[in-house]
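I'd like to ask some things about the structure below.
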Amino acid sequence: MTERGRLIVLEGGEGAGKSTHARAIQAWLEQGGREVVLTREPGGSPLAEAIRGLVLGDWPEGIDAATEALLIFAARAAHLHALIRPALAQGKDVVCDRFVDASYAYQGAARGLGPEAIASLERLTLGSLRPDLVLLLDIDPQQGLQRARRRGGENRFEAETLEFMHKVRAEYLRRARAEPARYAVIDAGLPQEQVAAALLSELEARL
Ligand SMILES: Nc1ncnc2c1ncn2[C@@H]1O[C@H](COP(=O)(O)OP(=O)(O)OP(=O)(O)O)[C@@H](O)[C@H]1O
Ligand SMILES: [Mg+2]
């Protein structure tokens, strides 16, 4: 039987550098002889990307927290079904730009749905699957938002308040500290080369 691949997740607030560093992680794993699937959430499969468009869209009536959480978990279920579970079963490593921790941080903490609501959606959607390693790119929200705004293409989340972003950051850090074996916290406020080096040294130490 093929050994299951590993699920490696990049997390962090807006502009932390998740998308910037995803390819370096893929390259590092491939150099080690692994087959790697690089993907992102919300999205990652055709159906899930369509749901992403709904979640990130600007709707006249707004989107309440429950709708947002349910759409994101619907996208996650579709993504798991179409891409993540088959890849892991084939022994491929999956590198995912955001995953379930983002729901705890954004919808659970910052939007105020609470951890129990997210945990029940997590049970429904993931079953017993958990990321093997979560790389948390931790950044001061103001610095992250500045980076994201310089990059352009602002979305609904980047338009949120700093208070919202501080809640996101605090919840990510709380979850990382509660389970240090599965989470690595990286100072994402540093220059890009230093963040990349810190990420790769965590991968070397942990995988
Ligand atoms: N360490 C760094 N120092 C300076 N600029 C950086 C650093 N890391 C990334 N950037 C730049 O900051 C911007 C945001 O980075 P990136 O898009 O990777 O963030 P992200 O975490 O994927 O954000 P989002 O949550 O909005 O998807 C990009 O323009 C990127 O080039
Ligand atoms: Mg990104």
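The values are calculated or read from the model by the stated rules, or taken from the named source; none is laboratory data. All of these numbers come straight from a predicted model, not from anything done at the bench. Every residue, glycine among them, receives a Cβ derived from its backbone with ideal geometry; neighbour counts consider all protein chains shown. Just the protein is used for accessible areas: all its heavy atoms, side chains included, with ligands, DNA and RNA removed. Shrake-Rupley method; radii C 1.70, N 1.55, O 1.52, S 1.80 Å.
Within 16 Å of ligand 2 (Cβ to nearest atom) and either open to solvent by 10 Å² or more (accessible area, probe 1.4 Å) or among the charged types (D, E, K, R) (or both) - does that describe any residue in segment 115-123? Working first, answer last.
Our first condition is that a residue be within 16 Å of ligand 2 (Cβ to nearest atom); within segment 115-123, this holds for none.
The answer is no; no qualifying residue exists.
Examine segment 155-175 for a residue that is over 24 Å from ARG34 (Cα atoms), open to solvent by 70 Å² or more (accessible area, probe 1.4 Å) and more than 18 Å from the chain's Cα centre (by Cα), and state whether such a residue exists.
yes
Could you tell me which residue of segment 123-142 is nearest to ligand 1 (Cβ to nearest atom), considering only residues that are part of a helix (DSSP H, G or I) and more than 18 Å from VAL55 (Cα to Cα)? Walk me through how you get there before you give the answer.
Keep residues of segment 123-142 that are part of a helix (DSSP H, G or I), which gives 123-126, 141-142.
Then keep just the ones that are more than 18 Å from VAL55 (Cα to Cα); that gives 123-124, 126, 141-142.
On the way: ARG123: 26, LEU124: 25, LEU126: 21, PRO141: 11, GLN142: 13 Å.
Going through the qualifying residues, I end up with PRO141.
Now a separate question. So if I check each of ALA50, ALA16, which one is open to solvent by 20 Å² or more (accessible area, probe 1.4 Å) and either assigned to a helix (DSSP H, G or I) or closer than 12 Å to ARG98 by Cβ (or both)? Reasoning before the result, please.
On the way: ALA16 fails: open to solvent by 20 Å² or more (accessible area, probe 1.4 Å).
Only one candidate qualifies: ALA50.
For every residue, the table says whether it meets (1) under 18 Å from GLY17 (Cα atoms); (2) touching a residue at least 12 places away in the same chain (Cβ under 8 Å); (3) within 15 Å of ligand 2 (Cβ to nearest atom); (4) in a helix (DSSP H, G or I).
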| residue | (1), (2), (3), (4) |
| --- | --- |
| GLY144 | yes, yes, yes, yes |
| MET165 | yes, yes, yes, yes |
| ARG177 | no, no, no, yes |
| PRO180 | no, no, no, no |
| VAL185 | yes, yes, no, no |
| ALA198 | yes, yes, no, yes |
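In segment 88-101, what residues are among the hydrophobic types (A, V, I, L, M, F, W, C) and open to solvent by 10 Å² or more (accessible area, probe 1.4 Å)? Give the steps one after another, and end with the answer.
Taking segment 88-101 as the starting set, the residues that turn out to be among the hydrophobic types (A, V, I, L, M, F, W, C) are 88-89, 94-96, 99-100.
ALA89, the sole residue that qualifies.
Okay, next question. For ALA105, state whether it is surrounded by fewer than 22 Cβ atoms within 10 Å (Cβ to Cβ), within 16 Å of ligand 1 (Cβ to nearest atom) and either in a helix (DSSP H, G or I) or among the polar types (S, T, N, Q) (or both).
Details: surrounded by fewer than 22 Cβ atoms within 10 Å (Cβ to Cβ): no; within 16 Å of ligand 1 (Cβ to nearest atom): yes; either in a helix (DSSP H, G or I) or among the polar types (S, T, N, Q) (or both): yes.
Considered against the rule, which asks whether it is surrounded by fewer than 22 Cβ atoms within 10 Å (Cβ to Cβ), within 16 Å of ligand 1 (Cβ to nearest atom) and either in a helix (DSSP H, G or I) or among the polar types (S, T, N, Q) (or both), ALA105 comes out as no.
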